[in-house]
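Note sheet for the following structure.
The values are calculated or read from the model by the stated rules, or taken from the named source; none is laboratory data. Computed from a predicted structure; not experimentally measured. Neighbour counts run over all protein chains shown; Cβ positions are idealised from the backbone, glycine included.
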Amino acid sequence: MNSYYILLTIALYFGILLIIARITGRKGGSNAAFFKGENKSPWYIVSFGMIGASISGVTFVSVPGMVRGIDMTYMQTVFGFFFGYLIVAHVLLPLYYKLNLTSIYTYLGTRIGNRAYKTGASFFLLSRLVGAAAKLYLVCLILYTYVFQHWNVPFWSIAAVTVFLIWLYTKKSGIKTIIWTDTVLTFCLLAALILIIVETAQILHLDFGGVVSTIQHNEHFRIFEFNDWQSRQNFFKQFFSGIFIVIVMTGLDQDMMQKNLSCKNLKEAQKNMYCYGFSFIPVNFLFLCLGILLLVLGQSMNLTLPALADDILPMFAAQGYLGPSVLVLFSIGIIAASFSSSDSALTSLTTSFCVDILGIGKESEEVATRKRRRVHFGMSIALVLVIIIFQIVNNKSVIDAIYTIASYTYGPLLGLFAFGLFTHLQPRDKYVPYVAVASPVICYTISSLVEQHTGYKFGYEMLMFNGTLTFAGLLLISQKNK
């Protein structure tokens, strides 16, 4: 019976999204609407929707489970996020608005050269395609495991239908539609999170004061780590990594910046960034609080929790320990979290490929629209294929490795933009792709060797090292800018 409830919930959920898509697409699906929402998006709507876009299904599952291994030290990174958003608001957004960019990677062509431009866009396309597919794979796997498997529905069909539904409500107006659908998705995500916490507290017979006391006095309620410099959870490593993570994964990411560029003007885009950056702190704090409550519940029930931290919340939801309503809420939450990031990813992939690779800005509106629709459909097929490849591999360690390697591609973007913004030198454009490719390869090799010989594992600080290495490589191939 739970499967039918979940299926009905998903059907109603997508019904609402399709209604929103129809309303926002009533006045036509121009390229201006698809790429930049005609620069009419209210900043407060963009801000609220971006919360859901930043919290993927992986986050929804993983962050509560983090508590068991690293306590609440993830909040150190989250605090760094906020200052990263301030830097994006005051350094990158003014640049993008001044140049009136549709794709942010156009800046690299203006400042450095065409090959640097194509290289930056290619790194984004690779990382975003793999990242979006990995997040959707998690959703499809959960739906397959808990809903469709006993009906003998093949996995590939779940992936195809899931991506088809995303394509369906984004195909006409793109970012103009996503601004509003992400608002609904974020509301569902936050509602699911809060209601799961309430259900867990009720099973533990805790009122609000009891929940606060239980969390505060728990052994895992440790936020700061200042003493151990070897630890990946050291405050300074986490805090400064959080700043740079936001700079590259928001400020240098077409997916996230495309929503900001749909605001009416720079001032409203900056308001969006302030509000969004601040609200990210309590949302992540609630996820970690849920993790502590689940550990307390597991201990009170004498349960053997899964070895893998990512399986803790799904276990409680799927095996009925929190009641049938939580299974529905969990499904809504993880679908909302994944789809709010995947729909914008599909749109940004289409935008970047059309603008950066095909150069449709030089085409007539009719020809550009026709190409954009073909690319949008092609990117949807590519997403399905990568999801199916993940399922065929069926090895979490391999998938994690792919996801980790994809995250290395943001390092060259950091180096390229930093070089353009903070130097007056001109790299020899023909050599830029070689530097950008060599940097993550060298970083991955160094990381593996250091771990093998010393046991030290690089954390988020590898991103800064990667960007610095790219910057140094660009210096080597530079001449004075005339």
Q.
Going through L8, L92, L86, L18 one at a time, which residue ends up being part of a helix (DSSP H, G or I) and free of Cβ contacts under 8 Å to residues at least 60 places away in the same chain?
A. L8
Q: Output yes when any residue across region 274-292 is assigned by TED's automatic domain parsing to the domain that holds Y144, of a type outside the set (S, T, Y) and assigned to a loop (DSSP other than H, G, I, E, B), and no when none is.
A: no
Q | Residue list for region 257-269, filter: in a helix (DSSP H, G or I) and buried (at least 24 other Cβ atoms within 10 Å of the Cβ) | A | Q258, K259, N260, A269
Q | Criterion: under 23 Å from the mean Cα position of the chain (by Cα), closer than 25 Å to N39 by Cα and in contact (Cβ under 8 Å) with a residue 40 or more places away in the chain - qualifying residue of A309, A345, A368 | A | A345
Q. Can we say L99 is crowded, with 21+ Cβ neighbours inside 10 Å, under 23 Å from S122 (Cα atoms) and either of a type outside the set (D, E, K, R) or in contact (Cβ under 8 Å) with a residue 60 or more places away in the chain (or both)?
A. no
Q: Identify the single condition in (1) over 21 Å from the mean Cα position of the chain (by Cα); (2) more than 30 Å from Q216 (Cβ to Cβ); (3) of a type outside the set (D, E) that T102 does not satisfy, given that it satisfies every other one.
A: (1)
Q: Just give me the residues in region 312-324 being in contact (Cβ under 8 Å) with a residue 12 or more places away in the chain and under 27 Å from the mean Cα position of the chain (by Cα), in sequence order.
A: I312, L313, P314, F316, A317, A318
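Would you call A418 out of contact with any Phe, Trp or Tyr (no Cβ under 9 Å at 6 or more places or on another chain) and modelled with pLDDT of 85 or more?
Taking the combined requirement at face value, the residue does not satisfy it.
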**Q.** Pair list, Cβ < 8 Å and 6+ apart or interchain, from region 455-482 residues that are not assigned by TED's automatic domain parsing to the domain that holds F244 to residues that are of a type in the set (D, E) and modelled with pLDDT of 80 or more
**A.** K457/E451; F458/E451
Q: Test N302 against the criterion of being modelled with pLDDT of 90 or more, more than 30 Å from G113 (Cβ to Cβ) and of a type outside the set (A, V, I, L, M), and give yes or no.
A: no
Q) Taking the stated definitions as given, is K118 closer than 27 Å to L349 by Cα, within 21 Å of the chain's Cα centre (by Cα) and basic (K, R)? A) no
**Q.** Candidate set from region 38-57 (those that are of a type in the set (G, A, S) and part of a helix (DSSP H, G or I)); member that is modelled with the highest pLDDT
**A.** S47
Q: Go through region 137-170 residue by residue and tally those that are at pLDDT 85 or above and among the aliphatic types (A, V, I, L, M).
A: 9
(Q) For region 114-143, which positions are surrounded by fewer than 22 Cβ atoms within 10 Å (Cβ to Cβ) and over 26 Å from T59 (Cβ atoms)? (A) N114, R115, K118, S122
Q: Residues that are within 21 Å of L286 (Cβ to Cβ): find the helices (runs of 4 or more DSSP H) completely inside region 141-250 holding 1 or more of those.
A: 175-203, 208-216, 235-246
Q | Residue tally, condition surrounded by fewer than 21 Cβ atoms within 10 Å (Cβ to Cβ), touching a Gly at 6+ places or on another chain (Cβ under 7 Å) and not basic (K, R), over region 225-242 | A | 2
Q) Looking at this structure, is A201 surrounded by fewer than 18 Cβ atoms within 10 Å (Cβ to Cβ) and either of a type outside the set (V, I, T) or within 30 Å of Y456 (Cβ to Cβ) (or both)? A) no
Q. Could you say whether any residue in region 107-115 is among the hydroxyl-bearing types (S, T, Y), within 30 Å of Y434 (Cα to Cα) and in contact (Cβ under 8 Å) with a residue 12 or more places away in the chain?
A. yes
